[in-house]
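Report on the structure given below.
Each value in this text was obtained by applying a stated rule to the coordinates, not by laboratory testing. None of the values given here were measured: they were computed from a predicted structure. With ideal geometry, Cβ positions are generated from the backbone for all residues, glycine too; neighbour counts draw on all protein chains shown.
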Amino acid sequence: MAAVQANSLVAMSELWGGRRGPAVSYMDVEELQKRLTVIQTYLEHERYEILRVNEPRLDDRPNQRTIEIRLSRKGCTPVVPITVIRYRAGWLVYDIDLGAAGNPARRCLWRPTG
């Protein structure tokens, strides 16, 4: 989330990927920049809070977790599920439910904070 807030597509490209590793190591640079720009736009925030890390059931994808993150932006507080997968000694962002983040160009559909 720090890479999103810093608007650093380079940092995001090293943290987003799949079983083959960070997307920067295998994806076309232009396509990667387009995708990360969309992700950055939807996840833009003033602050965030990790609500929950869902541990997998015993045999249900042991190298994968879903993290629920509450974003705070412009008075909105959407909760966005982000799936991460284990890669080497760390984790990569594998999937983001951008629909849960809401359309950043539209009015807030969530209750305002405060």
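On the principal axes of its alpha-carbon atoms, the chain has extents of 40, 38, 20 Å, going from largest to smallest.
In deg cm²/dmol, rounded to 500, what helix-only [θ] at 222 nm does the chain give when every DSSP H run of at least 4 residues adds -39500 (n - 2.57) and the total is split over its residues?
Values: 4 runs with 30 residues, N = 114.
Calculated at 222 nm, the ellipticity per residue is -7000 deg cm²/dmol.
What does the charge count around Ser13 come to, taking other residues whose C-beta lies under 14 Å from its C-beta (Lys +1, Arg +1, Asp -1, Glu -1)?
Numbers: positive: Arg20, Lys34, Arg35; negative: Glu14, Asp28, Glu30, Glu31.
Net charge around Ser13: -1.
Each Lys or Arg adds one and each Asp or Glu subtracts one; over the other residues with Cβ under 12 Å from the Cβ of Tyr87, this totals +3.
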